[in-house]
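Nothing in this text is a laboratory measurement; each read-out follows from the coordinates by a stated rule. Just so it is clear, the structure is predicted and the values come from calculations on it, not from any experiment. Note that each Cβ is placed from the backbone with ideal geometry, even for glycine, and that neighbours are counted across all protein chains shown.
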Amino acid sequence: MTIQKRPLVVDRIRSLPPVGWSWIDRRFLGEHAERLGGDDILLYFFLAAVSDKVGLSYYSDRSISTRIRIGEGRVVSARGSLEYHDLIAYEAPLYQVLSLPRHEGKSRAYR
């Protein structure tokens, strides 16, 4: 049986916002999320949502912790995991959400 897709609430169809920009590559869930913990995925989604068009943002650990409601230590741990899996780059105070790697190799050291 084929499911026919249709908007469920026609007057609430999403459109591009007049200010701001964000997106998540679908391959993230299919190819990368299964290797990550819940905090890692939450941090990745947060960073994708707040980054600019080249993937940059500069939220502090404290600010991220407050917004996504996990402790600062868990933010640091999730950041390390995302760096290890080559999904983000971090050089205080900048985060960069990277294009998704097309290989299974790990090129960054996990702390």
Obtain the nm distance between the two label points defined at S22 and T66 by a simple spin-label model: each point lies 7 Å from its Cα along the Cα-to-C-beta direction.
-> 1.7
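Mind listing which GluC sites (Glu not before Pro) in the stretch 1-80 are in a DSSP loop and have 10 or fewer other Cβ atoms within 10 Å?
none
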With no solvent and one equal point scatterer per Cα, compute the Debye intensity ratio I(q)/I(0) for the chain at 0.11, 0.23 Å⁻¹ and report its log10, rounded to two decimals.
-> -0.41, -1.32
Find, among the chymotrypsin sites (Phe, Trp or Tyr not before Pro) in the stretch 45-81, those assigned to loop by DSSP (not H, G, I, E, B) with at most 15 other beta-carbon atoms within 10 angstrom.
-> Y58
For the pair E91 and R14, what calculated FRET efficiency results from E = 1/(1 + (r/R0)^6), where r is the Cβ-Cβ distance and R0 = 30 Å, to the nearest 0.05?
-> 0.35
If each K or R counts +1 and each D or E counts -1, the residues other than Y58 whose Cβ falls under 12 Å of its Cβ total -3
Grab the DSSP H runs of the chain that are 4 residues or longer, score each as -39,500 (n - 2.57), total them, divide by all residues and round the 222 nm result to the nearest 500 deg cm²/dmol.
-> -9500 deg cm²/dmol
If you build a Gaussian network model of the chain, linking Cα atoms that sit under 10 Å apart, which residue out of L29, L16, L100 swings the most?
-> L16
Part-to-part distance (alpha-carbon centres) for the stretch 37-77 and the stretch 82-98, which is given in Å = 10
Residue-wise, which Karplus ³J(HN,Hα) couplings in Hz belong to the stretch 93-98, taking 6.51 cos²θ - 1.76 cosθ + 1.60, θ = phi - 60°, and x for glycine or proline?
-> x, 9, 10, 10, 6, 8
What does the charge count near G73 come to, summing +1 for each Lys or Arg and -1 for each Asp or Glu among other residues with Cβ under 11 Å from its Cβ?
-> -1
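Which net charge results when you count Lys and Arg as +1 and Asp and Glu as -1 among the other residues whose beta-carbon is under 15 Å from that of L29?
That sum, taken over residues with Cβ under 15 Å, equals -1.
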With the dipole of the chain worked out from charges on the C-beta (+1 for Lys and Arg, -1 for Asp and Glu) around the Cα centre, which of S81, S51, P7 lies farthest toward the positive end?
-> P7
For helix 72-84, what angle does its Cα long axis make with the longest principal axis of the chain, in degrees from 0 to 90 and rounded to 10?
-> 80
